[in-house]
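Have a look at the structure below before the remarks.
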Amino acid sequence: MSYLIDTNVVIYYFNGLTDDEDLHELLKKDFRISIITKIEFLGWSEFGVNRPLYNQAKAFIRHAIVYDLTARVAEQTIQLRQQYRIKTPDAIIAATALLNRLTVVTHNTNDFKHLGAKTLSVIMKSNS
């Protein structure tokens, strides 16, 4: 099984906010993201004022296989947006996963299950 990592998981992992031991191993073997995840992650405003952190983030994301926004993904995204009330970034991630038979690794499984995408949930650190 291959996986597509949702933006929230990339952010949580980069910031050390997940307790999910399996996630580290999964990212070492199968770090795949949509181009929208790369844009959302590297576009964080904090990176604009903290260049060393931005450089760390760029080095981190270089390890990912990035799925581009192809015409097929765009068409599938359009269909998902027409059928469901879904944000464009989530629709792009879902379309990429569906067309490439990937499981979406996310903290928000409900954002993708109703779209027909397979999902895998990530465990977050507790606030104790």
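Every number here is computed from the coordinates shown, using simple stated rules; none is lab data. Everything numeric in this text was worked out from a predicted model, so none of it was measured. Backbone-built Cβ (ideal geometry, glycine too); neighbour counts: all protein chains shown.
With q set to 0.10, 0.12, 0.16, 0.19 Å⁻¹, the log10 of I(q)/I(0) for the chain, from the Debye formula over equal scatterers at the Cα positions, is -0.30, -0.44, -0.78, -1.06. Using 0.36 nm per residue and subtracting the Cα-Cα separation, the extra length available between Phe14 and Lys118 on full extension is 35.1 nm. Computed over neighbours whose Cβ is under 11 Å from that of Leu4, the net charge equals +1, Lys and Arg +1, Asp and Glu -1. Taken along the Cα-to-beta-carbon direction at a fixed 7 Å, the label points for Lys125 and Ala74 span 4.1 nm.
Where does the stretch 1-74 land on Rg(C-alpha)/(2.2 N^0.38 Å)? Working shown, then result.
Numbers: Rg = 12.7 Å, N = 74, 2.2 N^0.38 = 11.3 Å.
Dividing the Cα Rg of the stretch 1-74 by 2.2 N^0.38 Å gives 1.12.
For the pairs Lys38/Lys87; Lys29/Lys125; Lys58/Lys113; Lys58/Lys87; Lys38/Lys58, note any where the Cα-Cα span goes beyond 20 Å.
Working: Lys38/Lys87 16 Å; Lys29/Lys125 22 Å; Lys58/Lys113 30 Å; Lys58/Lys87 25 Å; Lys38/Lys58 9 Å.
Those over the limit are Lys29/Lys125; Lys58/Lys113; Lys58/Lys87.
Counting alpha carbon pairs within less than 8 Å and at least 6 residues apart, what relative contact order, in whole percent, applies to the chain?
Working: 165 pairs, mean separation 43.6, N = 128.
Averaging sequence separation for qualifying contacts and normalising by length gives 34 percent for the chain.
Segment Val66..Leu42, full-extension length gain: 7.3 nm, with 0.36 nm per residue of separation and the alpha-carbon distance subtracted.
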